[in-house]
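This report refers to the structure that appears directly beneath it.
Taken together, the values in this text are just the output of simple stated rules run on the coordinates, not laboratory data. Note that the structure is predicted; figures quoted are calculated from it, not measured. Quick reminder, even Gly has a Cβ in these numbers, built from the backbone with ideal geometry, and neighbours come from all protein chains shown.
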Amino acid sequence: MDFELTEEQKLIQTTARDFARAEIAPKAAEIDKSGRWPGEIVKKMAELGFLGMAIPTEHGGAGLDTLSYALAMEEISAACASCGVIMSVNNSLFCDPVYKFGTDAQKKEILAPVARGDKLGCFGLTEPMSGSDAQTMATNAEKTADGWVLNGAKNWITNGPHADYIVVFAVTDRSGPKIKHTAFIVPKGTPGYTQNAPDHKLGIHGAHSCTVFFENCKVPDSAILGAVGEGFKVAMATLDGGRIGIASQALGIAKAALDTSVGYAKERKSFGVPIAQHQAIQFMLSDMATELDAARLLTWRAASMKDRGARHSMESAEAKLYASEMATRVAHKAIQIHGGYGYSTEFPVERNYRDARITEIYEGTSEIQRIVIAASLLKA
Ligand code: CAA
């Protein structure tokens with residue numbers, strides 16, 4: 001097995017790292033504190049091609065592979081986890097399914113501007129009463145003579161307050177033993193598609209999310225993404241890719257916490273020596289680095305499988321499960337190494353700790369990842 005990145009992948013990694021360190025990291029604490037939307041950073045990410053990384057150039061994307069996307073996601077998220085998830089939702093949860101399941105017209109009119117970053121996308125699966133058990137959604141779409149009428153609500157919609165389009169899932173047939181879902185692309189401004197104020201959250205304060213509502217929202221047949229009745233598979237296949245994005249976000253958060261901790265351990269003295277000389281600190285740093293590398297290898301494997309066109313549901317779930325729980329453990333140790341300073345906003349590790357926590361929840365909780373892994377194991 002070759003763990004060496006290609007020259008192109010190394011270039012993407014360096015470009016993302018330099019950009020993140022120079023233009024995002026200095027603003028990350030302020031974005032977290034103010035909770036403002038980092039619009040100017042989203043614009044620059046678009047200019048760098050980071051909002052449609054694995055979409056072919058003829059559809060407005062950067063024409064790169066999923067591994068390059070994972071590398072860039074890690075670097076951006078190391079600087080600012082909010083910017084990381086804004087990027088991840090646009091790439092994985094909007095561009096990827098529109099590229100995979102969209103019609104030529106949808107690719108031309110909708111995918112290209114979103115992949116270029118001129119427009120922004122979001123993904124509406126979760127509802128107030130159905131998160132993990134996604135199939136049981138209440139949102140309905142009823143067929144009319146000239147299209148569909150959507151009714152329902154979706155919540156925790158990352159990018160929702162700023163997105164120009166949503167990929168939204170609705171039940172279109174409840175008559176048989178299995179309910180059937182269909183995916184739709186709905187542009188902002190469609191009558192009946194509204195949203196409430198952004199959510200208040202523990203972390204990722206710059207990545208605005210909200211509840212969106214569909215009240216007698218009429219869309220044409222051309223809004224359907226994929227086939228009628230096949231929407232749940234569109235959602236699941238999309239999340240297989242999305243979980244690589246979130247695993248990469250977790251890698252970035254953990255890397256930031258580890259790097260800060262190494263720097264601090266060399267500077268801070270106790271008992272007459274830098275604390276880096278105490279085995280208690282060395283052991284924590286060693287465990288943090290080992291777990292981070294293990295998570296990175298799982299994530300890169302899932303990304304490589306996606307690039308090869310191999311089914312990667314189990315591998316993405318393993319990567320997301322391990323990387324997200326690892327990020328929380330690493331950020332926890334980072335605070336411990338910093339002592340009282342770690343608990344204060346003077347150092348970024350308390351932000352890393354708050355930001356890490358969501359990676360264990362969105363795009364499928366750790367418990368859902370275990371269900372996906374077990375299902376793959378048991379069906380073999
Ligand atoms: N790819 C393609 N098809 C798939 C699939 C996949 N990865 N996984 C399942 N399917 C298909 C199955 O083959 C099955 O097809 P048939 O009906 O033809 O047999 C169908 O989908 C239903 O599959 P299951 O019976 O396995 O479905 P389930 O109801 O048992 O649920 C689940 C499976 C894994 C629990 C799923 O509901 C799930 O992933 N839940 C978590 C939802 C989630 O991750 N939400 C996150 C929201 S997005 C978000 O967080 C965005 C954000 O803002 C950042």
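Here is how the numbers come out for the structure above:
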item: Among residues of region 6-20, those that are free of Cβ contacts under 8 Å to residues at least 12 places away in the same chain and either crowded, with 18+ Cβ neighbours inside 10 Å or in a helix (DSSP H, G or I) (or both), counted; result: 5
item: The one condition in (1) touching a His at 6+ places or on another chain (Cβ under 8 Å); (2) in contact (Cβ under 8 Å) with a residue 40 or more places away in the chain; (3) more than 17 Å from LEU93 (Cβ to Cβ) that VAL171 fails to fulfil; result: (2)
item: Wholly within region 263-380, helices (runs of 4 or more DSSP H) carrying at least 1 residues that are within 27 Å of GLN13 (Cα to Cα), in contact (Cβ under 8 Å) with a residue 40 or more places away in the chain and out of contact with any Ser or Thr (no Cβ under 8 Å at 6 or more places or on another chain); result: 279-308, 313-338, 349-358
item: Sole residue being surrounded by fewer than 18 Cβ atoms within 10 Å (Cβ to Cβ), in contact (Cβ under 8 Å) with a residue 12 or more places away in the chain and either not polar (S, T, N, Q) or not in a loop (DSSP other than H, G, I, E, B) (or both), chosen from ALA105, ALA153, ALA115, ALA163; result: ALA105
item: Restricting region 151-170 to residues that are within 11 Å of the ligand (Cβ to nearest atom) and polar (S, T, N, Q), the residue that is nearest to the chain's Cα centre (by Cα); result: THR158
item: Failed condition for ASP96, given (1) among the acidic types (Asp, Glu); (2) part of a helix (DSSP H, G or I); (3) surrounded by fewer than 20 Cβ atoms within 10 Å (Cβ to Cβ); result: (3)
item: Matching residues, region 118-150, being crowded, with 18+ Cβ neighbours inside 10 Å, more than 16 Å from the ligand (Cβ to nearest atom) and small (Gly, Ala, Ser); result: ALA141
item: SER222 vs. criteria touching a Gly at 6+ places or on another chain (Cβ under 9 Å), among the small types (Gly, Ala, Ser) and within 16 Å of the ligand (Cβ to nearest atom); result: no
item: Matching residues in region 118-139 - criterion: being β-branched (Val, Ile, Thr) and in a helix (DSSP H, G or I); result: THR136
item: Filter pass, ALA323 being surrounded by fewer than 23 Cβ atoms within 10 Å (Cβ to Cβ) and among the small types (Gly, Ala, Ser); result: no
item: Residues that are more than 15 Å from the ligand (Cβ to nearest atom) and part of a strand (DSSP E or B), drawn from region 171-193; result: PHE184, ILE185, VAL186, PRO187, TYR193
